[in-house]
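K.L.:
Mind looking over this structure? Questions follow.
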Amino acid sequence: MATQNDSTFREGQSTTRPPYFDGNEYPYWKTRMRIYLQALDYEIWEIVNDGPFMPLTKNEVGEDIPKPSRDWNEFEKRKASLNSKAMNALFCALDKKEFHIVSSCKSANEIWHKLEVAYEGTNQVKESKISRYTRQYELFQMEQNENVYSMYTRFTNIVNTLGALGKTFSNSEKVKKIIRSLPKEWRPKRTAIEEAKDLNVLPIDDLIGSLISYEEDLAAEKGHEEKKKNIALKASKRESDEESEMDDEELAMLARRFRKFYKKNNEQRKFRGYKNKKEKKEPITCYECKKPGHIRPKCPILNKLKKKAMVATWDDSDEETSDDDEQQEMQI
């Protein structure tokens, strides 16, 4: 359930109460108050704008003089009462400070004029303001990254302020000014409008509607392109992540292999160390004599046998040499 302070259901301006003026935003209040008085009764607005109705009569010499109120007819009474209605509407629209400014006024026209002087200045001040706002109008340009609605709001504020000061622009002047204020990015649309439309008769609302439609198309196209870029970026990132995952998997596999290889080598080294220790503990046995404590090349028994064999070999060699000498002598 919506609460009373919910901004979605905020209370709007009342149609039965005049717009309130506290000394701020006078051009805004002036425009709204003029519409309010015209809606109340157009004759009331005429009284405010032109001055109060005063029934007149002729004197003896034919001059117009105010007619005594006791002699007013019904029509004159009704017309004269419009000034009081207009003054009451204006007084009800002002806060206490603004009321004191105009409390001595005798007509609605005087109240209206006094507020204009207080917040728009005298004619000299008014001309200065007109000059300043006219320059803003002439230099008006659509800003970068500004949407059409914001641009048109700024433009309308300048035009309305000038209108309140008495300087107005025709529809064709405003249309051409907005066309000229578009940035370079809008040049295709600007050219299309100038070629397809007659700017002298093109309503400004149609122009703004066309620009907003074009802006929405540009935004949709830009959003589509950004979506494609995001998809491509996500795909690239996914590929990069997959490659990173593959690299991580490869590193993990290499680490597992290294640990396995290291473990295997460590076990082999432990086994060899154990084997060497075991071999060191067993006594050395000679293959020749089968006695412990030495190896076969150092076996004393084997060495004795070798010496005897060598002596025997030398003896046989001497005998063979002497026999050969005897045979040679006999032949001679």
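K.L.:
Given (1) within 25 Å of Leu162 (Cα to Cα); (2) outside any loop (DSSP other than H, G, I, E, B), where does Asn24 come up short, assuming only one miss?
P.N.:
If we test Asn24 against (1) within 25 Å of Leu162 (Cα to Cα); (2) outside any loop (DSSP other than H, G, I, E, B), just (2) comes out false.
K.L.:
In this structure, is Tyr36 surrounded by fewer than 16 Cβ atoms within 10 Å (Cβ to Cβ), over 36 Å from the mean Cα position of the chain (by Cα) and modelled with pLDDT of 90 or more? Don't jump to the end; show me each part of the working.
P.N.:
Values: surrounded by fewer than 16 Cβ atoms within 10 Å (Cβ to Cβ): no; over 36 Å from the mean Cα position of the chain (by Cα): yes; modelled with pLDDT of 90 or more: yes.
The answer is no for Tyr36.
K.L.:
Which members of segment 171-197 meet the condition of being within 27 Å of the chain's Cα centre (by Cα), surrounded by fewer than 15 Cβ atoms within 10 Å (Cβ to Cβ) and either outside any helix (DSSP H, G or I) or touching a residue at least 12 places away in the same chain (Cβ under 8 Å) (or both)?
P.N.:
The one that is within 27 Å of the chain's Cα centre (by Cα), surrounded by fewer than 15 Cβ atoms within 10 Å (Cβ to Cβ) and either outside any helix (DSSP H, G or I) or touching a residue at least 12 places away in the same chain (Cβ under 8 Å) (or both): Pro183.
K.L.:
Are any residues in segment 74-106 among the acidic types (Asp, Glu) and in a helix (DSSP H, G or I), and if so, which ones? Give the derivation first.
P.N.:
Step one: list which residues in segment 74-106 are among the acidic types (Asp, Glu), which gives 74, 76, 95, 98.
Correct list: Glu74, Glu76, Glu98.
K.L.:
Given (1) in contact with a Gly (Cβ under 8 Å, 6 or more places away or on another chain); (2) closer than 30 Å to Lys85 by Cβ, where does Ile130 come up short, assuming only one miss?
P.N.:
(2)
K.L.:
Tell me, yes or no, whether segment 53-73 has at least one residue that is assigned to a helix (DSSP H, G or I) and closer than 21 Å to Gly163 by Cβ. Spell out how you get there, then give the answer.
P.N.:
Our first condition is that a residue be assigned to a helix (DSSP H, G or I); within segment 53-73, this holds for 69-71.
After this cut, where a residue has to be closer than 21 Å to Gly163 by Cβ as well, the list is none.
No; the residues of segment 53-73 include none that is assigned to a helix (DSSP H, G or I) and closer than 21 Å to Gly163 by Cβ.
K.L.:
Further question on the same structure: Which members of segment 132-185 meet the condition of being farther than 20 Å from Ile212 by Cα and of a type in the set (Phe, Trp, Tyr)?
P.N.:
Tyr133, Tyr137, Phe169
K.L.:
Regarding segment 11-30, can at least one residue be identified that is surrounded by fewer than 11 Cβ atoms within 10 Å (Cβ to Cβ) and at pLDDT 85 or above? Quick ask: steps written out before the conclusion?
P.N.:
Residues of segment 11-30 surrounded by fewer than 11 Cβ atoms within 10 Å (Cβ to Cβ): 11-16, 24.
Now drop any that are not at pLDDT 85 or above, which leaves 24.
Checked segment 11-30: at least one residue is surrounded by fewer than 11 Cβ atoms within 10 Å (Cβ to Cβ) and at pLDDT 85 or above.
K.L.:
Which of the residues belonging to segment 37-52 are in contact with a Lys or Arg (Cβ under 9 Å, 6 or more places away or on another chain) and in a helix (DSSP H, G or I)? Even if it seems obvious, please write down each step before you answer.
P.N.:
From segment 37-52, those in contact with a Lys or Arg (Cβ under 9 Å, 6 or more places away or on another chain) are 40-41, 43-45, 47-49, 52; that's our starting set.
Passing the criteria: Leu40, Glu43, Ile44, Trp45, Ile47, Val48, Asn49.
The values are calculated or read from the model by the stated rules, or taken from the named source; none is laboratory data. Computed from a prediction, not measured in an experiment: that's the story for all the values here. We place every Cβ from the backbone using ideal geometry, glycine too, and count neighbours over all the protein chains shown.
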